[in-house]
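The values are calculated or read from the model by the stated rules, or taken from the named source; none is laboratory data. What you see is a predicted model; the values in this text were computed from it and never measured. Here Cβ is always computed from backbone atoms with ideal geometry, including for glycine, and neighbour counts include all displayed protein chains. Heads up: the accessible areas ignore ligands, DNA and RNA and are worked out on the full protein's heavy atoms, side chains in. Shrake-Rupley method; radii C 1.70, N 1.55, O 1.52, S 1.80 Å.
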Amino acid sequence: MVELYGRSSSRRDVSAHAGTLSQFAGVRLMELSDGVERGIRMLEFRTGTGLRFTVLVDRALDIAECEHKGRAIGWHSPTGFRHPGLHEYEGEGGLSWLRSFSGLIVTCGLDHILFMDDDDASQYIYGPRTSVKSSLHGRIGTIPARLTGYGERWDGDECTLWCEGVVQQSAVFGEDLHLIRRIEAKVGSDEIRLIDRVVNHGFYRTPHMFCYHINVGHPVLAEGSRYLAPIRDVVWAAHAGEKYLTQGVGYRQLPKPQLGFHEQVWQHEMAADAAGNVPVALVNDAIGFGFQVETRKDQFPCQYEWQNLQAGQYALGIEPSTHHVLGKQFARQREEMIWLEHGDERRYDTEFKVLDGAAAIGAAEKRIRAIAEQPSEDYPQPSGEYRKIAGRTA
């Protein structure tokens, strides 16, 4: 049954109350037409509960806007949702990615994540190409998708909104990796499901790294908001050492927007529940509003917390990752790089949930604490213990 407006409705009931489902919910294709966003195809999803989000077809099918009952969840940076044709991948020494960085989800990969890197290219057997130069967080987030379908699907009295597409990161004498992405949301729900498959379509043995930069903004993020996670250990902090306390911001509780703030990044070792799932949430108790991200530990063994609390750019990032925060060469040294042969694939299943009201926040917090009690201090000393990541071949 579809849960809408406080009652359960069958497909027949829903149909009887309007000429088309789009009066209540649906998914539709549109195109942005002004400024740096001009020409980007976008899918708008509405579930009927107040949950609305948009998917940028021409930017890796990433989720851009996200709101619930008129309250924003997804972060909008000053860059806007920039058309990929304006993107200069290798500009600014590899940092030009920051000129296209905005939205609830920015996908990072498919062969590189984290800071810039110059990696051996001998697997591609092309003499003039001795190395692969990678910019910040890789190429995939600014590649347009080939949209293979979208719409509404009824299964009995339950209706699912969906879209699917393929994003190809390919080069002659280089990688040929395909991201096959499907996004689903049930009518009457406050949840989004993201199903990704990364497939090596080529015939070179190819490295694979993957990360979601999930960016939550105001009003979920506000003075007093809390970061909830089943943290077993704080592994690393970019600002650890003499600067650890300088900015006065710990990992647990967030302040109001700051002036002159330098980003802070943490890596946490997360515990999983009995089913292998890792729920992480940001909650604003003052207004009874939160957002939860749930991943699988076997798919994303690592997790980062990104704090960008600078005024005008105010955001918190929840970042599940296939690799430790020290990057590609660290993964190579520890033999933790994922290598995909032709036809090999990796799958990633992620769920997003709006926490609407104190009861929903309380239930999420209780569940997270039952998995593992996060450190009670704001500045836990990073352990530097990077757990071995097993199973690095497909």
- Item | No Cys partner within the rule (Cβ under 4.7 Å), the chain | Cys66, Cys159, Cys163, Cys302
- Message: Just to be sure I understand the model, the point goes 7 Å from the Cα along the line to the Cβ. What's the resulting Asp34 to Asp155 distance in nm?
- Response: 4.1
- Query: Of the listed peptides 239-251, 327-339, what is their order by residue-averaged count of other C-beta atoms within 10 Å, with the highest listed first?
  - Reply: 327-339, 239-251
- Message: Leaving out ligands and nucleic acids, and using a 1.4 Å probe, what accessible area per residue does the chain come to in Å²?
- Response: 42
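Please give the net charge around Gly149, taking every other residue with its beta carbon less than 15 angstrom from that of Gly149, where Lys and Arg add +1 and Asp and Glu add -1.
+3
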- Item | Around Ser77: net Lys/Arg minus Asp/Glu count, Cβ-Cβ under 14 Å | -1
- Note on the structure: For Pro382, the net charge from surrounding residues (Cβ-Cβ under 14 Å; K, R +1; D, E -1) works out to -4
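Output the direction-averaged projected area (hull surface divided by four) of the convex hull of the alpha-carbon atoms of the chain, in nm².
19.9
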- What percentage of the solvent-accessible surface of the chain, computed with a 1.4 Å probe over protein heavy atoms, is contributed by carbon and sulfur atoms? 49
- Label-to-label distance, nm, for residues given as Leu98 and Glu191 (7 Å Cα→Cβ offset): 3.8
- Query: Which distance in nm do the two modelled labels at Ala358 and Asp298 give, with both placed 7 Å along the Cα-to-Cβ direction?
  - Reply: 4.0
- Message: Mean-square fluctuation check for the chain, GNM, Cα pairs under 10 Å: which of Ser33, Ser135, Ser96 is largest?
- Response: Ser33
- In deg cm²/dmol, rounded to the nearest 500, the helical mean residue ellipticity at 222 nm of the chain, built from -39500 (n - 2.57) for every DSSP H run of length 4 or more, is -2000 deg cm²/dmol
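On a full-extension model of 0.36 nm per residue, what is the gain between Ser8 and Arg387, subtracting their alpha-carbon distance, rounded to one decimal in nm?
Working it through step by step, the gained length comes to 131.8 nm.
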- Inter-part distance where segment 13-69 and segment 123-139 are each reduced to a Cα centre, Å: 37
- Rounded to the nearest 0.05, what FRET efficiency do Ser22 and Trp339 have when you use their Cβ-Cβ distance and R0 = 41 Å? 0.35
